[in-house]
1. What number of residues within segment 302-318 satisfy the criterion of being buried (at least 17 other Cβ atoms within 10 Å of the Cβ) and touching a helix residue (DSSP H, G or I) at 6+ places or on another chain (Cβ under 9 Å)?
2. Could you grab the pairs with beta carbons closer than 6 Å, sequence gap of 6+ or different chains, first residue in segment 280-301 and free of Cβ contacts under 8 Å to residues at least 12 places away in the same chain, second one part of a helix (DSSP H, G or I)?
3. Under 9 Å between Cβ atoms, at least 6 apart or on separate chains: pull out the pairs that start in segment 225-244 with a residue that is within 23 Å of ALA191 (Cβ to Cβ) and end on any residue that is in a loop (DSSP other than H, G, I, E, B) and among the basic types (Lys, Arg).
4. Please note which helices (runs of 4 or more DSSP H) are completely contained in segment 249-319 and include at least 2 residues that are among the aliphatic types (A, V, I, L, M) and modelled with pLDDT of 90 or more.
5. Test ALA22 against the criterion of being assigned to a loop (DSSP other than H, G, I, E, B) and at pLDDT 95 or above, and give yes or no.
6. How many residues does segment 75-96 contain that are more than 16 Å from ARG169 (Cβ to Cβ) and not in a helix (DSSP H, G or I)?
7. Sort out which residues of segment 102-145 are surrounded by fewer than 17 Cβ atoms within 10 Å (Cβ to Cβ), over 22 Å from the mean Cα position of the chain (by Cα) and not in a helix (DSSP H, G or I), and write them in order of number.
8. Conditions: (1) buried (at least 21 other Cβ atoms within 10 Å of the Cβ); (2) part of a helix (DSSP H, G or I). LEU153 meets all but one. Number of the miss?
Amino acid sequence: MVDLRPSRTPAPALQVRASAGAELLRLLGVVVDVEGSDSYDVGPDRITSLRERLSDGVLDELRTIETFTDNSFHILSLLAADLPEPAGVDELLAELEADLSAGWRLLLSHRVVDDERGDLELAADLADGEEQALATVLGWRAEGCTAEVERLLDVPAEEHGRRVADAVRAARPLWDHLEREAMGAIDRDVAHRQAQLDAGEDVAAIVMEATNGYELSTDPAVKRVVLLPSFWIRPWVVVGRRLDAEVLTTVVADAFLSLPSEAPSPAMLKLFKALADEGRLKLLRRMAAGPISLAEATNELDVAKATAHHHLSILRQAGLVATRGEGRASRYSLRQDPPDAAREALAGYVHPDR
């Protein structure tokens, strides 16, 4: 017998990086996210106290940058995938000033895929500075494009880059007081992931664990995957592209946080929060029969698409659901058996010596 099926695409190379430059940008994204303050593990009170340490002028500028497109600072943090070591704030500022349009192109590349005329190849060409790709998107304006693409096209690329660099400098004193707390946890997480790589563990399994449920892309254009663990953005995972890389902002594992030994872990709290909702339980029961799409989850619960996506995100954060694919092609499936996960988590906390 001769097997003529195409060989399986080899897993892309995996890198794990600690980046203070990326983490400062993510911190700024958390600080300006007023409506979402209660969605971060650090909590709204902590975020409010940090916001109060910035001047009104700096806050206003940060908010203006964020209004160009949702999650601007979280997306800009993906620039750290290619910063020279040690990938700190100095290296970030040098990168921003060497190519003032780089951040603007990165943001635009992530927004064009939301338009039905956009695709991943066009987005990659935009991020890489291809003039024809930019001309294509500029041509959309006559026919109409999404509001976020329109806002980005309204601001000159180099002006945007200068404003981002100036905002990073202005917020740096705040970061100087917080760097040790965040980077200590990040460094421990990176060391753990690197040890897994050195031991020859499966790349897909490492990514699944680090992201709490994200399956590697099968796009052959992705040559490498870069993990950038974050302290401030917990529990969210940001998935993005940077040239030939899929860049994943991952969540620092609970084991590497400085927590009181008697406190229940954030992971345990997320698990039981996920299970304490009728709609999410219905989705788990539905996924027991096989993977579902966002549209199917929306129909199952008879809710708005945003509400269904919120429920699926909470289930992924709890480690119960894995997601595969991007955008409308995303599929969600059970990652582990919910009863077993709940029983093991509760037993480990109530009887820690067993």
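1. Of the residues in segment 302-318, 8 are buried (at least 17 other Cβ atoms within 10 Å of the Cβ) and touching a helix residue (DSSP H, G or I) at 6+ places or on another chain (Cβ under 9 Å).
2. Within 6 Å, the pairs are THR298/LYS305; THR298/ALA308.
3. From residues that are within 23 Å of ALA191 (Cβ to Cβ), the pairs are VAL226/ARG17; LEU227/ARG17; LEU228/ARG17; PRO229/ARG17.
4. The qualifying helices (runs of 4 or more DSSP H) are 278-287, 294-301, 305-317.
5. On the way: assigned to a loop (DSSP other than H, G, I, E, B): no; at pLDDT 95 or above: yes.
It is false that ALA22 is assigned to a loop (DSSP other than H, G, I, E, B) and at pLDDT 95 or above.
6. The number of residues fulfilling the criteria is 5.
7. GLU116, ARG117, GLY129, GLU130, ARG141, ALA142, GLU143, GLY144 - these are the residues of segment 102-145 that are surrounded by fewer than 17 Cβ atoms within 10 Å (Cβ to Cβ), over 22 Å from the mean Cα position of the chain (by Cα) and not in a helix (DSSP H, G or I).
8. (1) is the only condition that LEU153 fails.
The values are calculated or read from the model by the stated rules, or taken from the named source; none is laboratory data. As the structure is a prediction and not an experimental result, all values here were calculated from the model. Please note: Cβ atoms are built from the backbone with ideal geometry, for glycine as well, and neighbour counts cover all protein chains shown.
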